[in-house]
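Colleague: Please see the structure below; I have some questions.
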Amino acid sequence: MKFKFNPDDLKSLVKKSFSSDNINKRRQSMKFFWKNLPEQIRRLSVVAVILFALPLVVRQLLIPTDFGKYGHYRASALDEIVSQEIHYAGRELCNECHDDVVEVKYNGYHKTLTCEVCHGPAFAHTEDDAIELEAPRKRSYCPTCHEYLPSRPSGFPQIISARHNSRKACIKCHDPHDPKPPETPRECKACHAEISYTKAVSKHVDIPCTRCHQTPEEHKIRPREVLPSKPHNREFCGSCHALDAESSEDIPRIDLFEHERRYNCWQCHYPHLPEAN
Amino acid sequence: MKKWQSENANGMKRRKFIKNILFSLAALTTPAVLSAQEALKKLQTWIIGEDYNPFEHYWGMGIDINKCIGCGKCADACKKENDVPKAPFFFRTWVERYRIFKSGKTFVDSPNGAINGFRKPYYESEDKDKVIRSFFVPKICNHCDNPPCVQVCPVGATFKTPDGVVLVDGDYCIGCRYCIQACPYGARFLHPEKRTAEKCTFCYHRVVKGLVPACVEICPTQTRIFGEIKKKASPLMRFMRKHKIGVLKPSLNTEPKVYYANLDMEVR
């Protein structure tokens, strides 16, 4: 038999099934339908429904209610992260009660240091000044920053602690809040340790730094504001190395007009450690 | 001429038909539009702490290699601020020392993350190989704009906030370590007790209160700069204008938001 679809049938069917006196009938027929299904289909369908519903329920239980509120994550995670305790107070808070120290430090060499780098996390102290802070008075403390390390950038003041006034605590001679060296450093080595130690083992060992860099005394006090000069042409090196230079006989000579004219000397020779193959 | 309207159409005029379609479309989409708008409003008024609106910020960090003295105070402060386990394998930020030898070899070390700085003043040159360059490189989570760690998380426990910070939901993390594997910068670790993934948060709890991250606060030479990426008058933008900027592993297309100045090409 061929099934033929007639829209009018459907219309009347819908009309019928929604009319109230038919609902009871339908219930009956559903029951009838269910009863008449084969046993195994009935059981299987129950299992199927459970299998379908279970993941939905589990999903509902597992995914927190606020998941996906802002994005693919739990919104309350942010509140938890943000509520983490603060340990470092920041540099402004100390002003209130220690304006004397802050004032001293303000223009000193340690002006870029925050108080807490030496005194440790101080948030609790700002809330309750009965909680005491440590002051690092030991000699072994300062070299963490100031011990000579070849990897440190040029210009950073460094010492070799074994040789630098090794008997006394650093704070005997340097106020930690304004660590002026008691006298201006005599040598460039104080802040250009790596260059100085490099030059010390080079052929240029006997040339003083100031022969090549005219250095105003101010540079040692305000190093970044007042910079020394640097050689800027080949003739400068030529003043010792040119064939006709009036300099010591031992100095190796080159023909200034022949020897690699295109470049400045220090594009090939590092002036603090000149090498010639 | 034949009328275009077919005979058995139910008499509905074209205009009416279109009207109906429009009305029903509008009716169908109103709830969706309304709820979306509400969600958007909720987002835009999402204020954590005092007056902090994450949609008004976008954070990044600048690091100037030429300024780093390798004191390691940043690594130390990070552990203290964030209660990171003391054992020497867990770091949210650390400092590496690079030494590049004449032979072309590169040697990198970071004793205990440099928490106590680098003390040994002289290096024993290995087989008389001379060091030709040496410097310190502070490392930290790059808070990538395109974070591989977030992509691999199976449960949505790690995510990027609207202000560009990559965070971990410690309560929701299942400790599967996918993200630790996925991070090309080694910036994540598994917390030994909680057994969940951990990483730098840019000190989010400080940032929302107007403070800078602990490592930035503590840095004695202003090697680290923290600030807005998308605002013109920010120390970070100025830093990025002034210096030639490099990022770590640019070829991975993770778009890191930690910007290095004077970055040596040996650094990975």
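Colleague: Subtract the Cα-Cα distance of B:Gln222 and B:Lys86 from 0.36 nm times their separation in residues, and report this length gain in nm to one decimal. Each step should come with its number before you reach the end.
Modeller: On the way: separation 136, 0.36 × 136 = 48.96 nm, distance 2.55 nm.
46.4 nm is the gain from fully extending B:Gln222 to B:Lys86.
Colleague: Moving to a separate point now. Tell me the net charge near B:Glu56. Cut-off is 12 Å between Cβ atoms, B:Glu56 excluded, with +1 for each Lys or Arg and -1 for each Asp or Glu. Numbers along the way, then the final one.
Modeller: Working: positive: B:Lys230, B:Lys231; negative: B:Asp51, B:Asp163, B:Glu228.
Once all neighbours under 12 Å are counted, the net charge is -1.
Colleague: How high is the relative contact order of chain A, in percent, counting Cα pairs under 8 Å that sit 6 or more residues apart? Don't skip to the end; give the middle numbers.
Modeller: Working: 194 pairs, mean separation 28.3, N = 277.
Reported as a whole number, the value is 10 percent.
Colleague: Averaged over A:138-151, how many beta carbons belonging to a partner chain fall within 10 Å of each residue's beta carbon?
Modeller: Working: counts 0, 0, 1, 0, 0, 4, 11, 8, 2, 8, 2, 13, 9, 13.
Mean number of neighbouring Cβ atoms from other chains: 5.
Colleague: If R₀ is 22 angstrom, what is the calculated FRET efficiency for the pair A:Ser229 and A:Val205, using the beta carbon separation as r and rounding to 0.05? Don't skip to the answer; put the middle values down first.
Modeller: Numbers: r = 21 Å, r/R0 = 0.97.
For A:Ser229 and A:Val205, the calculated efficiency is 0.55.
Colleague: Return one whole number: the accessible area per residue of chain A in Å², for a 1.4 Å probe. Walk me through the numbers before you get to the answer.
Modeller: Values: 21020 Å² over 277 residues.
Dividing the accessible area of chain A by its residue count gives 76 Å².
Colleague: Once the other residues with Cβ under 13 Å from the Cβ of B:Thr93 are scored (Lys, Arg +1; Asp, Glu -1), what is the net sum? Could the numbers behind the result be given before it?
Modeller: Working: positive: B:Lys73, B:Lys79, B:Lys80, B:Arg92, B:Lys139, B:Arg188, B:Lys199, B:Arg224; negative: B:Asp76, B:Glu81, B:Glu96, B:Glu198, B:Glu217.
Counting the neighbours of B:Thr93, the net charge comes to +3.
Colleague: Sort B:Leu211, B:Leu167 by heavy-atom solvent-accessible area, probe 1.4 angstrom, most to least.
Modeller: Values: B:Leu211 45, B:Leu167 0 Å².
From most exposed to least exposed: B:Leu211, B:Leu167.
Colleague: I've got another one for you. Filter the DSSP H helices in chain A by two things, a Kyte-Doolittle mean of at least -0.5 and an axial alpha-carbon span of 18 angstrom or more, and list the hits by number.
Modeller: Working: long enough: A:20-36 (25 Å, -1.69); A:39-62 (35 Å, 1.37).
Membrane-span-like by this rule: A:39-62.
Colleague: Give me the extension gain from B:Gln181 to B:Lys102: residue separation times 0.36 nm, minus the current Cα-Cα distance, reported in nm with one decimal. Walk me through the numbers before you get to the answer.
Modeller: Working: separation 79, 0.36 × 79 = 28.44 nm, distance 3.35 nm.
Difference between extended and current length: 25.1 nm.
Colleague: Any idea what the relative contact order of segment B:80-229 is, in percent, if you count C-alpha pairs under 8 Å spaced at least 6 apart?
Modeller: Numbers: 209 pairs, mean separation 28.9, N = 150.
For segment B:80-229, the relative contact order is 19 percent.
Colleague: Can you pull out the buried accessible area for chains B and A, both sides counted, probe 1.4 Å, rounded to the nearest 100 Å²? Could the numbers behind the result be given before it?
Modeller: Details: alone 16380 and 23140 Å², together 35360 Å².
Chains B and A together bury roughly 4200 Å² of accessible area.
Colleague: Moving on. Describe numerically, in nm with one decimal, the distance between label points set 7 Å from Cα along Cα→Cβ at A:Val58 and at B:Lys230.
Modeller: 4.0 nm
Colleague: A follow-up question, please. As I understand it, the dipole of the protein assembly as shown uses +1 on the Cβ of Lys and Arg and -1 on the Cβ of Asp and Glu, about the Cα centre. Which of B:His243, B:Val84, A:Pro38 lies farthest toward its positive end?
Modeller: Projecting each Cα onto the dipole axis, the largest value belongs to A:Pro38.
Colleague: Which order, highest average first, do A:104-112, A:50-58, A:131-139, B:194-202 follow once you tally other Cβ atoms within 10 Å for each residue and take the mean per peptide?
Modeller: On the way: A:104-112: 14.8, A:50-58: 9.6, A:131-139: 11.9, B:194-202: 20.9.
Per-residue mean Cβ counts within 10 Å order the peptides as B:194-202, A:104-112, A:131-139, A:50-58.
Colleague: Sticking with this structure for a sec: Taking the Cα centre of chain A as origin, sum charge times position over the Cβ atoms of Lys and Arg (+1) and Asp and Glu (-1), and report the length of that vector in debye to the nearest 20.
Modeller: On the way: 40 positive and 38 negative charges, 645 e Å.
Its charge dipole is roughly 3100 debye.
Colleague: Further question on the same structure: Extent of chain A along each principal axis, from alpha carbon coordinates, in Å, largest to smallest?
Modeller: 124, 68, 34
Colleague: Taking 22 Å as R0, compute the FRET efficiency from the Cβ-Cβ separation of A:Val101 and A:Ser140 and round it to 0.05. Before the final figure, lay out the partial values.
Modeller: Details: r = 23 Å, r/R0 = 1.03.
Working from the Cβ atoms, E equals 0.45.
Colleague: When chain A is treated as a GNM, springs tying every alpha-carbon pair under 10 Å, which of A:Lys25, A:Lys203, A:Lys220 comes out with the largest mean-square fluctuation?
Modeller: Greatest mean-square fluctuation among the candidates belongs to A:Lys25.
Colleague: Among A:Ser76, A:Ser140, A:Ser166, which one shows the highest mean-square fluctuation when chain A is modelled as a Gaussian network with alpha-carbon springs under 10 Å?
Modeller: Comparing A:Ser76, A:Ser140, A:Ser166 in a Gaussian network model of chain A, the most mobile one is A:Ser76.
Colleague: Can you give the local net charge around A:Gln267? Use residues other than it whose beta-carbon is closer than 11 angstrom to its beta-carbon, Lys and Arg +1, Asp and Glu -1.
Modeller: Details: positive: A:Arg234, A:Arg262; negative: A:Glu260.
For residues surrounding A:Gln267, the net value is +1.
Colleague: Can you compute the helix-only [θ] at 222 nm over chain A? Use -39500 (n - 2.57) per DSSP H run of at least 4 residues, normalise by all residues, nearest 500 deg cm²/dmol.
Modeller: -11500 deg cm²/dmol, from helical runs alone.
Colleague: Another one. Just the number: Rg to Rh for segment A:42-137, Cα atoms, Kirkwood Rh, two decimals.
Modeller: So for segment A:42-137, dividing Rg by the Kirkwood Rh gives 1.47.
Colleague: Still on this model: At a 1.4 Å probe, what is the % contribution of carbon and sulfur to the accessible area of chain A?
Modeller: Working: 12300 of 21020 Å².
Percent of accessible area from carbon and sulfur atoms in chain A: 58.
Colleague: A follow-up question, please. How shielded is A:119-131 by partner chains, expressed as the average number of their Cβ atoms within 10 Å of its Cβ atoms? Write down the numbers at each step before the final one.
Modeller: Numbers: counts 0, 3, 5, 0, 2, 0, 0, 0, 0, 0, 0, 0, 0.
Counting Cβ atoms of other protein chains within 10 Å of each residue's Cβ and averaging gives 1.
Colleague: Using a cut-off of under 17 Å, list every residue of segment A:114-142 whose amide N is near the label point 7 Å from the Cα of B:Asp109 along the Cα-to-beta-carbon line.
Modeller: Counting backbone N atoms under 17 Å from the label point, the list is empty.
Colleague: Taking the Cα centre of the protein assembly as shown as origin, work out the dipole magnitude from +1 charges on Lys and Arg Cβ and -1 charges on Asp and Glu Cβ, in debye rounded to 20. Mind showing how you got there, number by number?
Modeller: Numbers: 84 positive and 64 negative charges, 843 e Å.
Here the protein assembly as shown has a charge dipole of around 4040 debye.
Colleague: Based on the Cα gyration tensor of the protein assembly as shown, what are the three equivalent ellipsoid semi-axes, each the root of five times an eigenvalue, rounded to whole Å and given largest first?
Modeller: Values: eigenvalues 985, 185, 112 Å².
The equivalent ellipsoid of the protein assembly as shown has semi-axes of 70, 30, 24 Å.
Colleague: Can you tell me the length gained on complete extension of the stretch A:Asp250 to A:Ile50, counting 0.36 nm per residue apart and subtracting the Cα distance?
Modeller: On the way: separation 200, 0.36 × 200 = 72.00 nm, distance 9.87 nm.
Value of the extension gain: 62.1 nm.
Colleague: Modelling each spin label as a point 7 Å along the Cα-to-Cβ direction, I'd like the A:Glu92/A:Ala169 distance in nm, to one decimal.
Modeller: Between A:Glu92 and A:Ala169, the label points sit 3.3 nm apart.
Colleague: Going 7 Å from the Cα of B:Ile245 toward and past its Cβ, which residues in segment B:202-235 have a backbone nitrogen under 16 Å from where you end up?
Modeller: Only B:224-235 pass the distance filter.
Colleague: Another question about this same structure. What pairs from B:Lys67/B:Lys257; A:Lys189/A:Lys230; A:Lys105/A:Lys220; A:Lys189/B:Lys73 go past 23 Å between their alpha carbons?
Modeller: Violating the 23 Å limit, Cα to Cα: A:Lys189/B:Lys73.
Colleague: Taking only Cα atoms and a 10 Å spring cutoff, compute GNM fluctuations for chain A and point out the largest among A:Ile23, A:Ile41, A:Ile207.
Modeller: A:Ile23
Colleague: Please compute the contact order of segment A:183-277 in relative form: average sequence separation of alpha-carbon pairs under 8 Å and at least six residues apart, divided by the residue count, as a percent. Mind dumping the intermediate values first?
Modeller: Working: 75 pairs, mean separation 25.5, N = 95.
Relative contact order, segment A:183-277: 27 percent.
Colleague: Right, here's the next one. Could you tell me which of A:Pro223, A:Gln28, A:Ala245 has its Cα farthest along the dipole of chain A towards the positive end, charges placed at Cβ (Lys, Arg +1; Asp, Glu -1), taken about the Cα centre?
Modeller: After comparing all options, I get A:Gln28.
Colleague: Same structure, new question: Per residue and in cubic angstrom, what volume does the convex hull of the Cα atoms of segment A:183-277 have? It would help to have the intermediate numbers written out before the result.
Modeller: On the way: hull volume 11.3 nm³, N = 95.
Per residue, the Cα convex hull of segment A:183-277 comes to 119 Å³.
Colleague: Same structure again: Which of the residues in segment B:57-100 lose at least 40 Å² of accessible area when you go from the chain alone to all protein chains together (probe 1.4 Å)?
Modeller: Listed in order, they are B:Ile69, B:Lys73, B:Lys80, B:Glu81.
The values are calculated or read from the model by the stated rules, or taken from the named source; none is laboratory data. Quantities reported herein were computed from a predicted structural model and do not represent experimental measurements. We place every Cβ from the backbone using ideal geometry, glycine too, and count neighbours over all the protein chains shown. Surface accessibility is based on the protein's heavy atoms, side chains included, excluding ligands, DNA and RNA. Shrake-Rupley method; radii C 1.70, N 1.55, O 1.52, S 1.80 Å.
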